[in-house]
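Since the structure comes first, as structure tokens, the remarks are kept for the end.
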Amino acid sequence: MLLFLTLVTMAIKMEVVNQMEDEKVFEIVKSSGNTGRTITEIVSMSRLPRSVVRILLARLEGAEKVGFRKIGMAKIYSAEVQ
């Protein structure tokens, strides 16, 4: 029973951290205005690993909070107008 409660507590803490990271990345993207930001810029500003930023951006895309446009090989992420 103790192991189960520990796992549940860890899962809740991880979800809170993920929400904070989502908000952090969204605020960085939103602060760019219409120009947008590349994933490299978001990584350097958030100080999160690139793989984590990519996952968070995919979540935000799914929630239709963030969109991107391609310019050459780069993707430029910007906040979706709602």
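The numbers here are math on the coordinates, done by the rules we state, and not lab data. Source: prediction; values computed, not measured.
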Stretched fully, the stretch from residue 58 through residue 38 gains (0.36 nm per residue minus C-alpha distance, one decimal, in nm) 5.8 nm
Karplus-derived 3J(HN,Hα) from phi for the stretch 74-80 (6.51 cos²θ - 1.76 cosθ + 1.60, θ = phi - 60°), whole Hz, x at Gly and Pro, runs 8, 9, 9, 9, 9, 6, 6
One finds the C-alpha centres of the stretch 56-82 and the stretch 18-49 to be spaced, in Å, by 11 Å
Contour minus Cα-Cα span, residue 20 to residue 74, at 0.36 nm per residue, comes to 16.8 nm
If amide H atoms are modeled at 1.01 Å from N in the peptide plane, then the residues at a separation of 5 or more from residue 75, or on another chain, having amide H under 5 Å from its own are 39
